[in-house]
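Okay, structure first, notes after.
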Amino acid sequence: MAAAPQAPGRGSVRKTRPLVVKTSLNNPYIIRWSALESEDMHFILQTLEDRLKAIGLQKIEDKKKKNKTPFLKKESREKCSIAVDISENLKEKKTDAKQQVSGWTPAHVRKQLAIGVNEVTRALERSELLLVLVCKSVKPAMITSHLIQLSLSRSVPACQVPRLSERIAPVIGLKCVLALGFKKNTTDFVDEVRAIIPRVPSLSVPWLQDRIEDSGENLETEPLESQDRELLDTSFEDLSKPKRKLADGQQASVTLQPLKIKKLIPNPSKIRKPPKSKKATPK
């Protein structure tokens, strides 16, 4: 027998989910570190290694070793005498360890450097550096890629040096050195910075002007305190004045590239509501 026909269901029909559209922008430029010649690489590493060894900058870590004593129920007199000798040796070692306090040996020299990616980034944002050196063996490269734009915007010469961590880290007493910066208040690395800066290749970022000048000649810069005082001395009227325009003969070195629109795609998820008609108010 044929089955009886069923009444059509009154349930609501499933609605298809609206298409999700996300706007994404791709960077057409590839930003890379400029290549450093092998002669310049050996010169930079050798000068830094010799100077750090001469100064004696090193980090001392206090490694506390736990003495594991086995649990013995019956202790003989010989073991007791051995334990007494061990305790005396430990006291002598503790007195020697107290003499070498954990930390950086010349503290004033450590304040003249920025070691590590985070410390170099903070110092660049505050415009406190004269030179930035980055290790080439860092992985992933994204860790240090932001330093290219940041150093160029602050007019600080920067380059990627191969084997920087292998040569400098053991001298300082660290496991690795991914980035190294020399601050403006440095007094112990003035000659080294002046010798290294001419060998640093220039960086190229399309939307930033190459403003890096020979900073080796301008090492004797004013401290930050004097700059702050000058800003405080300036009146509000001077700050509120508009910036002077370029002369007629001068032209802006930054050229904006035209924006090319390939295709316009309407947003399918946009729901257009009909305009509301104004109701006539009764008199």
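Worth pointing out:
- Computed from the C-beta positions of L174 and A141, the FRET efficiency with R₀ = 22 Å rounds to 0.60.
- Listed residues H108, H146 arranged by accessible area, highest first, probe 1.4 Å: H108, H146
- Annotation: W104 carries an accessible surface of approximately 60 Å², with a 1.4 Å probe and no ligand, DNA or RNA atoms counted.
- A full extension of the chain between A35 and R110 corresponds to an added length of 24.1 nm, given 0.36 nm per residue minus the alpha carbon distance.
- Label-to-label distance, nm, for residues given as E61 and L25 (7 Å Cα→Cβ offset): 4.3 nm
The values are calculated or read from the model by the stated rules, or taken from the named source; none is laboratory data. A quick note: this is a predicted structure, and the numbers were derived from the prediction, not measured. Methodologically, a virtual Cβ is constructed for each residue, glycine included, from the backbone with ideal geometry; neighbour enumeration extends over all protein chains shown. The accessibility values were calculated without ligands, DNA or RNA, using every heavy atom of the protein model including side chains. Shrake-Rupley method; radii C 1.70, N 1.55, O 1.52, S 1.80 Å.
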